[in-house]
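Computed from the coordinates by the stated procedures, all read-outs in this text should not be read as laboratory data. A quick note: this is a predicted structure, and the numbers were derived from the prediction, not measured.
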Amino acid sequence: MRKSRCARRAFIQRLSAMGIGSMAMGFSGALLSPRLAASPRGATGASQPEIGAQRLSLAKLQAWEALGYGVFLHFGMSAFVGQELPDGKAPASTYNPAKLDVDQWVQIARDAGMKYVVLTAKHVAGHCLWPSRHTDYTVANSGNKTDVVGALVKACERRGVLPGLYYCSWDNHHLFGSLTPRLRKWEKAFTTSLYQDFQTAQVTELLTNYGPIAEMWIDIPGVLGRGYRTFLYQHIASLQPDCVIMMNSGISDGSNYNVSYAWPSDLIAIERNLPPATGHVRWRTIEGKRYYLPGEVSDPIGKEWFYAEGDHPRPDGQLLTLLTETRRRGANLLLDVGPNKHGLISDEYRDALMRLRKSAGL
């Protein structure tokens, strides 16, 4: 018990150092290899640094940038039905990881040199990895009833890693009259006010029941519309003022930002791409104001976001290039690693991550 109190005290001290309770949580660029620790740029002059119109201070955003390297944990119903974008009709009992070990995920992430994690709390299938009060399509009614979100946050506290959560606005199970992009008709997709009330309630659960969250990922924000998206951004910020908010702007190198699809956001998404060779441009002018917007590359360790049989890690050299070039070009890398249907990160993924840490000098 005493050891647990000491671990928690140390964890809270790390949180307070940056602002996530407050957010930098004690990690700095010094924990990265010198050749991977990209120096945040953006000052207009040595004596007169630009402040910017963004919600979070430069100090907090640069502390997030200094984390450098995290893991994206895609886990949930998709792994059990063998589809990245399920129709949401599989019964909750389909989800049933027999050997679920969330602590293993976080321990591997920490041992691989990663400083933060982002878990898919709810993906396209609509199945929730926490016992939400607002639907019965959750772990509470599944083969394995573990509150995965709660287990993740506790494991992060034990291991000294920062917890982040992902929430998908495309939900094929909870429609509430919405038209999702299920048939690839992106231009016609929308969400109703009833669905938006549901999303607000669930995001509120996630950000009030589990303590400080370092990063909140909102995927497919375009279906929310500018008005609700602005409300949701402000609501997340009101619940956790030091949380970094990602409205995923989609597959691109981050050079052109789609304001109508993803604004407002604290970060720019760089999905399945590297930043431009000239480097990620942090300072952006959006609707007449200047903002400091760090970049985050997200890319899977293999080909698929969720675990799939036969989806092996990329060659070591490719993973090394992904990590070193992402950092050299001034963005964070959120490397996706999907736990398998047993609820474990496979040995071949773990081994690839450890070789990457060694070759990158982390």
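Values computed for the structure shown
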| item | result |
| --- | --- |
| Calculated volume of the Cα convex hull per residue in Å³ (choose from [x] 134; [y] 213; [z] 147), label | [x] |
| Qualifying lysines (Cα of each under 23 Å from Cα of LYS89; at least 8 residues distant if same chain) | LYS122, LYS145, LYS185, LYS188, LYS341 |
| Counting DSSP beta bridges with both ends in the chain, the antiparallel % (nearest 5) | 15 |
